[in-house]
1. Report, ordered by the first and then the second residue, all pairs with beta carbons closer than 8 Å, sequence separation of six or more or different chains, a first member in the range 63-86 that is in contact (Cβ under 8 Å) with a residue 12 or more places away in the chain, and a second member that is exposed (fewer than 12 other Cβ atoms within 10 Å of the Cβ).
2. Can you say whether THR33 is at pLDDT below 90 and within 30 Å of GLN85 (Cβ to Cβ), as far as the supplied structure shows?
3. What pairs come up if the first residue lies in the range 39-59 and is more than 10 Å from THR4 (Cα to Cα), the second is open to solvent by less than 80 Å² (accessible area, probe 1.4 Å) and among the charged types (D, E, K, R), and their beta carbons are under 8 Å apart, counting only those six or more places apart or on different chains?
Amino acid sequence: MIETGYLNLIFRVGIISLVIYMLILIKSLRVTTSNIIILASKIYIIISMIETLYAGVPTFNIRWIIIWFSVSYCFNPKIKSLSNQQIRQLLCA
């Protein structure tokens with residue numbers, strides 16, 4: 001078994017899929033907002049990218065689902081437009 005996640009991804013689906021995967025993740029990190037949910041999503045994406053560099057093997061599990069939910073949060077205009085106060089009201093309601 002290949003020990004690094006990126007090499008494993010290349011082996012399973014190819015270099016083009018790895019490039020598309022990285023472009024999507026990097027583009028989601030470039031979203032600018034002061035929203036706490038987006039910030040937490042960005043931090044999780046960065047941690048997963050660093051972990052995949054050394055030991056994380058991308059497989060379909062709960063982590064993979066959380067990564068793609070985080071990416072969708074970064075691209076969703078409704079979530080990007082919420083303020084921190086509105087998020088607190090939604091979560092506490």
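1. LEU82/LEU90; SER83/SER34; ASN84/SER34
2. When the stated conditions are applied, THR33 passes them.
3. Final answer for the pair search is SER48/ARG63.
The values are calculated or read from the model by the stated rules, or taken from the named source; none is laboratory data. Nothing here was measured: the structure is a model prediction, and the numbers come from that model. Ideal geometry is used to build each Cβ from the backbone, glycine not excepted, and the neighbour counts take in all protein chains shown. For accessibility, only protein heavy atoms count, side chains too; no ligands or nucleic acids. Shrake-Rupley method; radii C 1.70, N 1.55, O 1.52, S 1.80 Å.
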